[in-house]
Amino acid sequence: MSTALIRQLERTHCRKQSRKVYLALEELDFTWDEREIAQFENLWREGISLWDITESFGRDPDEVLILAVDRGRRGTIHKRAGGVFGEAKQNSVHCTGESCSSSEDDTEEQMDQSTSKTVYSI
């Protein structure tokens, strides 16, 4: 292969190699397993606020917001009362490795000893 052809291919197909690339939000974790996605979708349908969903998973709000955008684009969640942020409920939501549960507890904040995640009353 000629040097001229190689240079032409590099100019055409390797443009980012000579430029600095910025990866937005690389410090965040946008990976979710199937169980977490199902839990998120259930909490969304229940109208649980985005902030409380974030707390229940112990995740950064931007990670949960991007999941909501993804699930909306795929059609697995839909518009709801309160919009993207949802509405506060009068119960607590807590997600463990296996499931999310809610209760009619008036406690504003509890610490779950099995997962060391804070559970907020919502």
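The values are calculated or read from the model by the stated rules, or taken from the named source; none is laboratory data. In this text, all values refer to a predicted model and were calculated from it rather than measured experimentally. Positions of Cβ are generated from backbone atoms using ideal geometry, with glycine treated the same way; all protein chains shown enter the neighbour counts.
Applying the set (1) at pLDDT 95 or above; (2) on the phi < 0 side of the Ramachandran plot; (3) exposed (fewer than 15 other Cβ atoms within 10 Å of the Cβ) to Phe85 leaves exactly one unmet item: (1).
Answer yes or no as to whether Val69 is assigned to a helix (DSSP H, G or I), exposed (fewer than 14 other Cβ atoms within 10 Å of the Cβ), on the phi < 0 side of the Ramachandran plot and in contact with a helix residue (DSSP H, G or I) (Cβ under 9 Å, 6 or more places away or on another chain). So Val69 fits the description; yes.
Considering the range 72-84, the residues that are free of Cβ contacts under 8 Å to residues at least 12 places away in the same chain and in a helix (DSSP H, G or I) include one that is farthest from Phe30 (Cα to Cα), namely Gly83.
Where helices (runs of 4 or more DSSP H) fall wholly inside the range 3-65, the ranges with 3 or more residues that are touching a Leu at 6+ places or on another chain (Cβ under 8 Å) are 50-57.
Looking across Ile37, Ile77, one residue alone is among the aliphatic types (A, V, I, L, M) and in contact with a Lys or Arg (Cβ under 6 Å, 6 or more places away or on another chain). It is Ile77. Residues in the range 13-62 that are modelled with pLDDT of 95 or more and farther than 26 Å from His78 by Cα: Glu27 only.
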